[in-house]
Amino acid sequence: MLILPDSVLGPGLDDRRIVGFVASPEMRLVTAYADLLGETVHDLGPGGVTAARDAMLELVRGAVRRDFDDVEPRLSAPLVRAARQVIDEHLDDPDLSPTAVARELRVSVRALHRAFATAGESVGACIRRRRLERARQDLTAPLGGWTVSDVAARWHFADSSHFIRAYRKQYGESPGRFVRSRRPQQHAS
């Protein structure tokens, strides 16, 4: 529950109670920013604290009005954090794309790309990296018995060769070599 006086949020709310879902895209942005703020507030100087407070209030205002300024640079970090959460929640969805993430968060694709540009990684690269991380886990799962082709299909790579190229670029070795290096060495008797 979030309780704020209307004087903090500005005119137009008329001291009314606003009820909404915590899982709404707007509230996900607010909570992602609040989490980020909680992790960094002790490292901020007085100017940083003021800027962080102002950004939080702007996010809350936007959530209350179900609208926000996606050009505001202070919103980039919480937007990226919320987007990464959406990506992780929908990683196994074959239709996961920057457009799907933007739609889930109710922001424009352009705003999402702008936010990710400040993080130094594109939305598509984030999706691919997270899928590669999960694929790497599958390849080493003791009970999985996944083949490289199985893993490529499971994580929605176009084909095995595309997966192998992406994997090699990310980790510096092929998935097959990685699997072989993780197996216990067999000794001849």
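The values are calculated or read from the model by the stated rules, or taken from the named source; none is laboratory data. Computed from a predicted structure; not experimentally measured. Quick reminder, even Gly has a Cβ in these numbers, built from the backbone with ideal geometry, and neighbours come from all protein chains shown. Surface areas here come from the heavy atoms of the whole protein model, side chains and all, with no ligands, DNA or RNA. Shrake-Rupley method; radii C 1.70, N 1.55, O 1.52, S 1.80 Å.
So here's what we get for this one:
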| read-out | value |
| --- | --- |
| Residue match in region 136-159 (condition: touching a helix residue (DSSP H, G or I) at 6+ places or on another chain (Cβ under 9 Å), in a loop (DSSP other than H, G, I, E, B), at pLDDT below 90 and under 21 Å from Val30 (Cα atoms)) | no |
| Hits in region 22-59 - residues which are β-branched (Val, Ile, Thr) and open to solvent by less than 40 Å² (accessible area, probe 1.4 Å) | Val30 |
| Residue count, region 108-126 (criterion: part of a loop (DSSP other than H, G, I, E, B) and either small (Gly, Ala, Ser) or touching a helix residue (DSSP H, G or I) at 6+ places or on another chain (Cβ under 7 Å) (or both)) | 3 |
| Qualifying residues in region 94-115 (those that are touching a residue at least 60 places away in the same chain (Cβ under 8 Å) and within 15 Å of His156 (Cα to Cα)) - the one least open to solvent (accessible area, probe 1.4 Å) | Leu96 |
| Flag for Asp67 being at pLDDT below 75, in contact with a helix residue (DSSP H, G or I) (Cβ under 6 Å, 6 or more places away or on another chain) and either open to solvent by 70 Å² or more (accessible area, probe 1.4 Å) or of a type outside the set (A, V, I, L, M) (or both) | no |
| Residue pairs meeting the criteria (Cβ under 8 Å; at least 6 apart or on separate chains; first within 24 Å of Glu89 (Cβ to Cβ) and open to solvent by less than 20 Å² (accessible area, probe 1.4 Å), in region 146-169; second among the acidic types (Asp, Glu) and in a helix (DSSP H, G or I)) | Val151/Asp138; Trp155/Asp138 |
